[in-house]
Amino acid sequence: FCESCGKEMGDAALFCPSCGKPATLPATGGAGTGARAQSAGLQSNLAGALAYLWITAIIFLLVEPYNRDKFVRFHSFQALFLGLASIAGHIVLSVIPIIGWTLMPLWSLLVLVVALIAAVKAYQNQTWSIPVIGPFAEKQV
C-alpha cells in the first residue's frame with residue numbers, strides 16, 4: 001500500500017499508480033555493497049562516475065536526491081573544476097605560438113586521463129582528490 005494515498009500497489013512497483021509517489025523499498029538484512037543506494041535512481045557511485053561527463057555534473061547538482069548526496073556533490077564539483085582547468089589550459093596554450101600548439105594535445109590527453117581515473121575511483125566508492133582541484137571541490141560540499 002502507498003504510504004501517501006493508501007492505494008494498493010504491486011510488490012514490484014517503484015511508484016504509486018494513483019498518486020505517483022515513490023514506493024518505499026523494504027529493508028534488506030544482508031550486507032550492502034558499500035554503495036549508497038538512491039530509491040528509484042542511480043547509486044551514488046555510478047552518479048559520481050557519470051559526473052565526469054561534465055554536463056551530468058551540472059544535472060546532478062540541480063536534481064534531487066543527488067544534490068543532497070555529499071559523495072555525488074564532491075565528484076560533480078571536482079568534475080566541473082577539472083573542466084574549467086581544461087578550458088583555462090587550452091586558452092593559455094592557444095596563445096603561445098608553436099610550443100603551446102604542440103603541447104595542447106598532451107594537455108587534452110592529460111585532462112582525459114585524469115577524468116577517467118577520477119571516474120573509476122568514484123565508481124569504486126573512493127573519494128579521490130585531484131591535486132590542486134580537489135581541495136576546491138571539498139570546500140563546496
Volume per residue that the Cα convex hull of the stretch 44-140 spans, once the total is divided by residue count, Å³: 81
P(r) of the stretch 77-119 over all Cα-Cα pairs, binned every 5 Å from zero, in whole percent: 5, 25, 29, 21, 12, 6, 1
Packing-based exposure ordering (other Cβ within 10 Å, fewest first) of 121, 139, 7: 139, 7, 121
Sorted by Cβ neighbour density within 10 Å, fewest at the top, the residues 18, 129, 44: 18, 129, 44
Dipole axis of the stretch 44-140 (+1 Lys, Arg; -1 Asp, Glu on Cβ), positive-most option in 110, 128, 57: 128
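If packing is taken as the average number of other Cβ atoms within 10 Å across a peptide's residues, how do 49-59, 73-83 rank, most packed first?
On the way: 49-59: 19.5, 73-83: 23.8.
Going from most to least packed, we get 73-83, 49-59.
Coordinate-derived values only; no laboratory data. Just so it is clear, the structure is predicted and the values come from calculations on it, not from any experiment. So basically every Cβ, Gly included, is an ideal-geometry build from the backbone, and we count neighbours across all protein chains shown.
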